[in-house]
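Read the structure below first, then the notes.
What follows is calculated from the coordinates using simple rules that are stated; it is not laboratory data. This structure is a prediction, so every number in the text was calculated from the model and none was measured. All Cβ positions, even for glycine, are placed from backbone atoms using ideal geometry, and neighbour counts span all protein chains on display.
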Amino acid sequence: MMSRNILAHSSRLIRPGRQPSRRTSTLNSKAAPATVTVLQNEMPDCDHKPPTYKGPSYENITELRRNHLTPNIQSYYKKPLLISSGHMQWLYDHDGNRYLDMFGGIVTVSVGHCHPKVNKALEQQIKTLWHTTNIYMHPKIHEYAQKLTAKFPGNLKAVCFVNSGSEANDLAMLMARLHTGNQDILTLRNCYHGMSPYTMGLTAHSTWRFPLAGVSNGIHHVMNPDPYTGIWGGANCRDSPIQTDRKCDCSVETGCKATDMYYNELEQTFKYSLPRGKVAAMFAESIQGVGGTVQFPKGYIKKAAELVRANGGVFVADEVQTGFGRTGDHFWGFEGHGIVPDIVTMAKGIGNGFPMAAVVTTPEIAKSLGMALHFNTYGGNPMASAVGIAVLDVIEEEQLQKNSLEVGTYFLNKLAELRDSYEIVGDVRGKGLMIGLELVSDRKTKAPLGVPHVLEIWEQCKDMGVLFGRGGLNGNIFRIKPPMCINKSDVNFAVDVLNRAISDFLAKN
Ligand SMILES: Cc1ncc(COP(=O)(O)O)c(C=O)c1O
């Protein structure tokens with residue numbers, strides 16, 4: 001149970017007059033949702049008619065899942081959803097209930113569920129050629145390689161296609177080590193770079209690590225430059241419309257002190273833990289995703305990349321979540337840090353849900369793969385390449401990067417109002433449609449809100465028709481990374497639902 005003190009305090013902080021009006025919302029288009037509640041904004045309309053679900057029963061699926069899938073496959077929600085179809089920002093369950101998808105299949109559905117143009121490209125390709133490996137030439141991979149690499153600055157012109165984010169980071173580790181001849185790799189604590197035996201070592205979350213020997217071989221996790229929960233941070237550190245509530249006495253003359261302090265910490269690792277002047281790479285997500293949308297103080301990544309290069313290494317930007325326009329101001333997250341990385345890894349949004357990924361690097365670094373045979377059966381196969389081309393086209397034609405910026409900024413500002421209203425909303429951060437909202441039990445100490453409490457709020461959001469993700473080591477951060485086609489009415493509805501779920505939670509506890 002939450003301490004009385006905290007709750008009494010929290011409840012007082014609900015602004016009078018900001019309660020939703022007493023209007024009953026019929027939230028889902030069909031069957032009644034588990035909770036009938038009152039909201040200011042109803043679920044936005046959608047013309048799409050989902051196909052009637054004709055598959056195995058809910059009970060049958062539950063049993064099959066229990067008996068035939070490995071136990072690592074976990075389900076969100078007390079009564080897991082059986083999702084039967086999707087359309088743009090909407091998901092439908094087996095009963096035809098409609099949900100606003102604010103997590104996009106874990107930041108993967110970039111342009112919208114079953115986007116018609118991507119569907120069409122895939123259908124055409126399926127009728128023409130499914131697969132041939134790269135022992136032959138087929139047109140699509142070449143067209144795609146040209147189109148994708150055109151999105152990169154500098155000499156980032158060589159691409160190797162693979163099938164998942166973990167595989168992309170595996171390959172980036174291999175290239176970095178072969179190219180530099182060095183072994184040691186740095187990552188930031190709280191990062192997530194994958195779950196393959198190789199990348200599990202990069203990932204720095206105890207929750208995602210198995211007790212295996214050799215996983216951390218040559219990998220060092222350095223202090224996370226987190227301006228909200230970290231030791232240092234102030235009111236101007238983040239590249240976000242919303243800053244932390246910490247104080248800041250930095251000026252243009254002093255620069256960002258938090259950046260300097262975290263950078264000094266990084267330097268200690270070079271001084272004490274690495275062979276002098278010999279590092280293979282540093283990996284960083286441009287904004288940490290699984291870790292709970294954690295942004296770094298401005299300037300840190302740039303200085304870190306310079307230090308790594310000065311010590312013989314390469315800088316790897318993991319754009320698995322932040323790429324393809326999601327951060328709004330740029331197509332790639334690393335551009336927001338003012339750097340050109342040596343290697344970039346990407347997955348998820350690249351294929352709008354099609355299992356594909358890529359590593360882009362310079363021709364010089366790519367040469368390292370010529371030291372032995374390197375082969376990937378499916379990487380860049382005709383279907384994947386056709387989908388990848390269509391996704392890039394849709395992002396451009398529908399100006400989804402611009403939409404991410406406009407709708408994301410609107411979203412962030414609305415969420416910041418919740419932070420100003422509720423003591424338990426400790427922080428709101430991110431940029432574009434890469435957003436995090438951190439729930440705390442104590443605003444001062446930033447102690448995380450307990451998981452059962454977080455789940456209560458989160459479940460209620462689902463019952464009211466909005467699906468959010470969760471993340472952070474303590475599971476107390478709402479991750480909001482929807483398909484980039486959402487609009488301001490969707491945001492109004494989602495924020496309204498969240499507001500209602502939080503106020504109901506506070507009233508009950
Ligand atoms: C930043 C980042 N890198 C790598 C990965 C691994 O991707 P995959 O699950 O496709 O292996 C993820 C997955 O969530 C991720 O968020």
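Before anything else, pin down the relative contact order of the chain: Cα pairs under 8 Å, at least 6 apart, normalised by residue count, whole percent.
Rounded, it is 23 percent for the chain.
Hey, could you grab the Kirkwood Rh for region 33-110? Inverse mean 1/r over distinct alpha carbon pairs, Å, one decimal.
14.5
Run the numbers for His131 and Ser57: contour at 0.36 nm per residue of separation, minus the present Cα-Cα distance, in nm.
Going from the current span to full extension adds 23.3 nm.
Take peptides 343-354, 436-447 and line them up by average Cβ neighbours within 10 Å, highest first, as a rough protection proxy.
Those peptides, ordered most packed to least, come out 343-354, 436-447.
If you take every DSSP beta bridge fully contained in region 117-398, what fraction is antiparallel? Give it as a percent rounded to 5.
40
Just to confirm a number: summing +1 for Lys and Arg and -1 for Asp and Glu over residues other than Ile424 whose beta-carbon lies under 10 angstrom from that of Ile424, what do you get?
Taking every other residue near Ile424 into account, the sum is -1.
Which whole number of Å³ per residue matches the convex hull of the alpha-carbon atoms in region 352-453?
Given the Cα convex hull of region 352-453, per-residue volume reads 205 Å³.
For Asp496, what charge total do you get from the other residues with a beta carbon under 10 Å from its beta carbon, if Lys and Arg give +1 and Asp and Glu give -1?
Taking every other residue near Asp496 into account, the sum is +1.
Mind checking which lysines have their Cα closer than 25 Å to the Cα of Lys367? Skip sequence neighbours fewer than 8 apart in that chain.
Cα-Cα hits under 25 Å: Lys140, Lys147, Lys151, Lys157, Lys278.
Using a 10 Å cut-off on Cβ atoms, rank the peptides 259-268, 149-158, 53-62, 492-501 from the highest mean neighbour count down.
Averaged packing, sorted descending, gives the order 492-501, 259-268, 149-158, 53-62.
Based on the Cα gyration tensor of region 98-248, what are the three equivalent ellipsoid semi-axes, each the root of five times an eigenvalue, rounded to whole Å and given largest first?
34, 25, 17
Tell me the relative contact order for region 117-398 as a rounded percent, counting alpha carbon contacts under 8 Å between residues six or more apart.
29
In debye, nearest 20: dipole of the chain around its Cα centre with unit charges on the Cβ of K, R (+) and D, E (-)?
Dipole size: approximately 580 debye.
Compute the length gained on full extension between Gln183 and Asn236: take 0.36 nm times their separation in residues and subtract their Cα-Cα distance, giving the result in nm to one decimal.
15.5 nm
Among DSSP bridges having both ends in the chain, what percentage is antiparallel? Round to the nearest 5.
65
Taking the Cβ of each residue in Leu148, Leu418, Leu212 as the centre, tally the other Cβ atoms inside 10 Å and list the residues starting with the fewest.
Leu212, Leu418, Leu148
Out of every Cα pair in the chain, what percent are spaced more than 36 Å from each other?
The proportion of pairs with Cα distances above 36 Å equals 32 percent.
Over the alpha carbons of region 117-398, what is the largest minus smallest coordinate on each principal axis, giving the biggest first in Å?
Its Cα atoms span 61, 42, 36 Å along the three principal axes.
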